[in-house]
1. With the checklist (1) open to solvent by less than 10 Å² (accessible area, probe 1.4 Å); (2) of a type outside the set (Lys, Arg); (3) part of a helix (DSSP H, G or I) in hand, flag the one item Asp398 doesn't pass.
2. Output the residue which, of all residues in segment 253-262 that are open to solvent by 40 Å² or more (accessible area, probe 1.4 Å) and hydroxyl-bearing (Ser, Thr, Tyr), is farthest from Ala308 (Cα to Cα).
3. Which condition from (1) in contact with an Asp or Glu (Cβ under 6 Å, 6 or more places away or on another chain); (2) open to solvent by less than 50 Å² (accessible area, probe 1.4 Å); (3) hydrophobic (A, V, I, L, M, F, W, C) is the one that Leu328 breaks?
4. If you go through segment 105-159, how many residues are in contact (Cβ under 8 Å) with a residue 60 or more places away in the chain, within 21 Å of Met188 (Cα to Cα) and among the acidic types (Asp, Glu)?
5. Collect the residues in segment 119-167 that are in a loop (DSSP other than H, G, I, E, B) and among the charged types (D, E, K, R), keeping them in residue-number order.
6. State yes or no: is Asp303 within 18 Å of the chain's Cα centre (by Cα), of a type outside the set (A, V, I, L, M, F, W, C), surrounded by fewer than 16 Cβ atoms within 10 Å (Cβ to Cβ) and part of a helix (DSSP H, G or I)?
7. I'd like to check something: does segment 68-90 contain any residue that is touching a strand residue (DSSP E or B) at 6+ places or on another chain (Cβ under 6 Å), polar (S, T, N, Q) and at pLDDT 95 or above?
Amino acid sequence: MAMLDLNFVRAQFPAFSSRVLSGHAFFENAGGSYPCKQVVERLHRFYTDRKVQPYAPYPGAQEGGAEMDEARTRLAALMSAKREEVSFGPSTTANTFVLANAVRVWLRGQNAAIVVTNQDHEANSGPWRRLADEGIEVREWQIDPATGHLDLAGLKALLADGKVRLVCFPHCSNVVAEINPVDEICAMARAAGARTVVDGVSYAPHGLPDFAGLGADVYLFSAYKTYGPHQGIMLIGEAFGAELPVQGHWFNAGTLYKKFTPAGPDHAQIAACAGMADYIDALYGHHFAGDAPAGERNARVHDLMRAAEVEAVAPLLDYLAGRNDLRLIGPRDAAARAPTVAVALHGAAEPVSEALGREGIACWGGDFYAVRPLEAMGVDLQKGVLRMSLTHYTSGEDVQRLIGALDRVL
């Protein structure tokens with residue numbers, strides 16, 4: 001297997017040569033990754049040459065519309081989705097809220113239940129839990145309070161009576177970070193007659209999903225955490241999308257990617273998302289010989305990213321495991337988790353992140369809207385957790401710099 005060329009990778013990100021950003025080792029990727037240069041260039045070009053109503057019969061409008069179409073078409077191909085199944089919105093939180101409103105109408109008057117977890121970020125928990133106000137039963141698939149793990153046996157019990165119509169769960173949590181077996185969970189739900197909504201926000205930065213392979217009905221993630229602009233991306237399967245009521249203009253009900261967009265989309269940022277595809281293709285072209293179908297290119301880049309991340313984060317996990325003054329949240333095994341590492345300290349986390357900032361380390365402390373899993377695991381929310389999040393462009397030298405700074409600060 002090819003090894004990730006970190007020098008090539010970092011050359012794709014303007015932040016690493018920024019006067020403002022390059023002085024710190026960046027461990028806040030779970031809050032938002034750096035944008036790649038392909039995205040920045042496309043966004044600049046759109047605002048310079050194409051910032052008009054797209055698709056109108058003159059050159060700037062035609063080129064702008066073509067770039068928007070390109071983003072949807074190329075991202076769909078990489079993720080093994082149909083073009084119509086890729087929907088853009090202002091954020092994943094907003095996309096989830098709109099989707100939950102459609103489900104509210106879909107399940108109205110039925111003797112139905114939905115399943116949520118307490119491992120989730122609040123964006124994929126709160127909107128679903130509020131459906132209880134409509135008389136829809138909400139069942140909680142609970143984590144192990146010691147480890148944060150979601151046991152499949154717990155889901156099986158919740159599905160047993162056949163009332164569940166929807167299962168909402170994370171690909172991985174933004175604090176627990178264990179990678180959940182999405183394909184197995186989706187298969188269990190499907191066998192029980194339930195649809196699935198997967199929150200991929202914390203996983204997609206480590207490799208874009210194979211939508212068809214996972215078997216999910218909906219997969220949500222954020223472009224600004226996957227090297228792109230501040231947009232939410234929702235993959236929604238045609239069959240499920242057809243069952244749900246339109247949430248946008250009534251006359252757009254027949255167009256799946258417009259059906260769940262109640263407000264006008266951000267044309268420039270949609271167009272700039274094509275830069276995400278540019279970046280994945282650039283990584284593929286640099287590391288692998290020959291051409292391949294888009295889905296295969298994405299899969300190989302995904303594996304390249306994950307291998308680099310597992311190698312980079314392992315020393316940090318080893319170091320943290322050797323300390324007796326903190327609690328590591330989530331798995332000890334680097335291969336079983338995303339490289340988002342949260343620890344509970346004896347004291348408050350945010351002052352520690354401030355001290356690390358003075359040491360040249362960019363990270364943060366708090367609850368990160370993961371109030372439910374932290375509460376379930378007995379973490380004091382007033383203290384929060386210190387979160388250090390890597391991605392494939394994080395170097396081994398950055399990790400050693402972080403470990404040295406933790407030694408001095410803790």
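The values are calculated or read from the model by the stated rules, or taken from the named source; none is laboratory data. Predicted model only: the values in this text are computed from it and were never measured. In this analysis, Cβ positions are derived from the backbone assuming ideal geometry, glycine residues included, and neighbour counts consider all displayed protein chains. Only protein heavy atoms, including side chains, enter the accessible area calculation; ligands, DNA and RNA are left aside. Shrake-Rupley method; radii C 1.70, N 1.55, O 1.52, S 1.80 Å.
1. Condition not satisfied by Asp398: (1).
2. Thr255
3. All conditions are met except number (1).
4. Residues in segment 105-159 being in contact (Cβ under 8 Å) with a residue 60 or more places away in the chain, within 21 Å of Met188 (Cα to Cα) and among the acidic types (Asp, Glu): 1 in total.
5. Taking segment 119-167 as the starting set, the residues that turn out to be in a loop (DSSP other than H, G, I, E, B) are 119-121, 125, 135-136, 142-151, 160-163.
Hits for segment 119-167 are Asp120, Asp144, Asp151, Asp161, Lys163.
6. Details: within 18 Å of the chain's Cα centre (by Cα): yes; of a type outside the set (A, V, I, L, M, F, W, C): yes; surrounded by fewer than 16 Cβ atoms within 10 Å (Cβ to Cβ): yes; part of a helix (DSSP H, G or I): yes.
Yes.
7. Scanning segment 68-90 turns up at least one residue that is touching a strand residue (DSSP E or B) at 6+ places or on another chain (Cβ under 6 Å), polar (S, T, N, Q) and at pLDDT 95 or above.
Listed here are the residues, each with its yes/no results for (1) within 20 Å of Leu256 (Cβ to Cβ); (2) at pLDDT 95 or above; (3) surrounded by 20 or more Cβ atoms within 10 Å (Cβ to Cβ); (4) of a type outside the set (Val, Ile, Thr).
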{"residue": "Gln142", "(1), (2), (3), (4)": "no, yes, no, yes"}
{"residue": "His149", "(1), (2), (3), (4)": "no, yes, no, yes"}
{"residue": "Ala153", "(1), (2), (3), (4)": "no, yes, no, yes"}
{"residue": "Lys163", "(1), (2), (3), (4)": "no, yes, no, yes"}
{"residue": "Cys172", "(1), (2), (3), (4)": "no, yes, yes, yes"}
{"residue": "Met188", "(1), (2), (3), (4)": "no, yes, no, yes"}
{"residue": "Ala194", "(1), (2), (3), (4)": "no, yes, yes, yes"}
{"residue": "Leu220", "(1), (2), (3), (4)": "yes, yes, yes, yes"}
{"residue": "Glu243", "(1), (2), (3), (4)": "yes, yes, no, yes"}
